[in-house]
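Everything below concerns the one structure shown next.
The numbers here are math on the coordinates, done by the rules we state, and not lab data. None of these values were measured; they are calculated from a predicted model. Neighbour counts run over all protein chains shown; Cβ positions are idealised from the backbone, glycine included.
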Amino acid sequence: MRAQSGGHGDDTHASMHGTGRGGETPGHSHEKCELHLGQVSMTKAHHFETVFAADGIRIYFYTGDQSPLLVEKAEGKATLRFKDGTSREIPLVLQKPKEGERTVYFCPMHEDVVQMEPGECLKCGGMRLFAQDYLYAKADLSKVEPGALEATIRIKGLSGGEPEALFTETYEGAATTMRPEEAGEAAVPGEAKEAGHEGHAH
Ligand SMILES: [Zn+2]
Ligand SMILES: [Zn+2]
């Protein structure tokens, strides 16, 4: 299942991503790490999905093979450079997915068990799936034009053979961070976490 020599681990691959979409990488789609509708950067041993939204920037972690990861001990900062020449540095802090937010659930032991709603891994005898968390930089981007912001993300404290990572993404427009079924209706404040899932087929 794993690509033996997919170009991960060298700088060639990373340079194909970088600051903006310079075209698709041949033979290497990033659909497994665009699950939050974000922009994908590749570093030496990780993929990172950057989601720009009106309320800030979310960074999701994936392995070199594009399996979701938890943030764990990692932390970092985002340097935002705006087209008007101003810049700001904002700490990236761990955040758990909020109610109604588009969230990936995965099994850390079985890389093919990845889904967009809570559940259990049958291969693990019913272990509850992890909700993918993220690093969050709070910033009001509601008035920023696409292309008018460049975010340089520095992360340290990573595991997996790459303790630090650095990449830059250009803001291409705000993503919707809410689940599709929640986005249409206003979130109900104080709604219990288990409520509102009558739509499941059984
Ligand atoms: Zn890649
Ligand atoms: Zn499992």
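For a straight C-alpha distance cut-off of 19 angstrom, the lysines reachable from residue 98 (same-chain residues fewer than eight places away being disregarded) are 138, 193. For the stretch 37-87, the spread of Cα positions along the three principal axes, ordered from largest to smallest, is 37, 23, 22 Å. For the peptides 117-125, 45-53, residues were scored by their other Cβ atoms within 10 Å and the scores averaged per peptide; the highest-first order is 45-53, 117-125. By the equivalent-ellipsoid construction on the alpha carbon gyration tensor, the stretch 33-176 comes out with semi-axes of 27, 16, 12 Å, ordered largest to smallest. Residues whose amide H lies under 5 Å from that of residue 39, counting only those 5 or more places away or on a different chain, are 50, 51, 52; hydrogens are built 1.01 Å from N in the peptide plane.
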